[in-house]
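Written below as structure tokens is the structure these notes are about.
A short reminder: the numbers here are calculations on the coordinates, not readings from a lab. What you see is a predicted model, and the numbers here were worked out from it, not measured in a lab. Heads up, the Cβs are rebuilt from the backbone with ideal geometry, glycines too, and the neighbour counts pull from every protein chain shown.
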Amino acid sequence: MSQDPILVALNNCNPNQPLEPGDPRFVDLDDIRGLALREYLSRLLRAADSDERFEKVAVAGHRGSGKSTELNRAQAELVENSYVTLWASVNENLDPKEISFSDIIRLIVMLIDDRFGHLTHSHPQVKEAFDVVGQWFQEVTKTFSKQISSAMDLGLKGQVGGSLGAEIGVGVLKLKTELGKLSAAISVIRRSEGSERTEIRETLERYNNQLVLNLNSLLRAVTGVESPAQRLVIILDNVDKYDPRVVNEAFLGNADLFRQIDSHLVFTIQSSLLLSPVDGAVEQSFTTLVLPMLPVFHRHTRRLDSKVVERVREAIYKRVPPSLFADVDTVDHLIKASGGCWRDLLRLLQDALLRAKTQIGPAEAKAAVEQVGQTYQRLLRSEDDLQ
């Protein structure tokens, strides 16, 4: 039984699904963006390695510009160049509305546990590092031992991302050591509505310097264990989905501490933090890479750039075949309405497909543009009401 082509196209236009390397829907648009992020990042890290230092990189871009897809490509290239990448979608592993410095450090600890925790059974130096850091966390959080124990039981019984019994999980991370399970339990508390949510964060952040020292002891223990050429890169995606003030406090307010971490670190931020920083300039704290929007217009005009539009149209046809459009002008109308924001373009395509009986015509395209526009108008009104 053949599938409805409109339903297939709808599934191909999910705006919240970053493409993995090798996905047949991908079209390389580096040349029109003017930046090959994966090549730039790989060269930057290799230069730092030759100088025996660690890079801390903030990847900026408007939401929906394609940062997650580009980071997926960068991760694949780094792996090809003998790096071990510890990757996490921050908002899926921590509280989706609020994060702090200690949350980020614990997330990195969980990433290390997920990737290297099994080595505690075969490498004494790795086991010692995990044990020492685990004992420190237990001592510092002992006043929350009852809540932590309950959170561990909840995670194990509920199989929160992990398997019942031997492992506890957060998101897609599978945690193998007592340190990892303790960190995961604290994440459960940090997602709760009780007073412990704030109290345990405040307790840990009295020791921010020690948190970094603990993290570095783990990094030193696992780096090079599997291969002498092994180099680590921590990639934290979707940081830009938090409120800019939250990102400012968690990352920029602790830039000195992040720079002390003995590993490369790459994370995403909002373009607004570059244009209107809450405190100091991002560039003073981190190396900054900016992923541009798709330049569908000639500079300083609303005239479409035909060469860029042709390439974007090619990318659209990988998801929605030309036969589902009444004509090329309809495709170009949606491209123009997106303003070069790839996620908005996918939203426009989804809305138009939902309205289409057999094809997307001018009427469906116009209605989709109005619908997406109304969504932004409501957001702007909500922001005005909060001011």
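Here are the numbers:
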{"read-out": "Segment LEU274-ASN16, length gained on full extension (0.36 nm per residue, minus Cα span)", "value": "90.5 nm"}
{"read-out": "Reported label for calculated volume of the Cα convex hull per residue in Å³ given (1) 156; (2) 174; (3) 211", "value": "(2)"}
{"read-out": "Paramagnetic reach from ASP23 in region 60-81 [backbone N under 20 Å; point 7 Å along Cα→Cβ]", "value": "60-80"}
{"read-out": "The chain: calculated mean residue ellipticity at 222 nm from DSSP helix runs of at least 4, using -39500 (n - 2.57)", "value": "-16000 deg cm²/dmol"}
{"read-out": "Euclidean distance of C-alpha centroids, region 175-220 and region 222-238, integer Å", "value": "21 Å"}
{"read-out": "Amide hydrogen neighbours beyond the local backbone of THR288, cut-off 5 Å, H modeled", "value": "ALA58"}
{"read-out": "Between region 69-113 and region 1-56, the alpha-carbon center distance in angstrom", "value": "16 Å"}
{"read-out": "Neighbour net charge for LEU348 - beta-carbon separation under 14 angstrom, K R +1, D E -1", "value": "+2"}
{"read-out": "Which of GLN3, VAL312, SER68, positive extreme of dipole for the chain (C-beta unit charges)", "value": "GLN3"}
{"read-out": "Reachable lysines from LYS318, criterion Cα separation under 19 angstrom, eight or more residues apart if same chain", "value": "LYS307, LYS336"}
{"read-out": "Lys/Arg +1, Asp/Glu -1 at C-beta; region 203-301 dipole; positive extreme among GLN230, PHE267, GLN210", "value": "GLN230"}
{"read-out": "Net length gained if the chain between TYR40 and LYS366 were fully extended (0.36 nm per residue, minus Cα distance)", "value": "113.5 nm"}
{"read-out": "Those lysines that a straight Cα-Cα span of less than 30 Å connects to LYS174, excepting residues fewer than 8 apart in one chain", "value": "LYS56, LYS67, LYS97, LYS127, LYS142, LYS146, LYS157, LYS241"}
{"read-out": "Sum of side-chain charges, ILE99 neighbourhood, beta-carbon under 15 Å (Lys, Arg +1; Asp, Glu -1)", "value": "-2"}
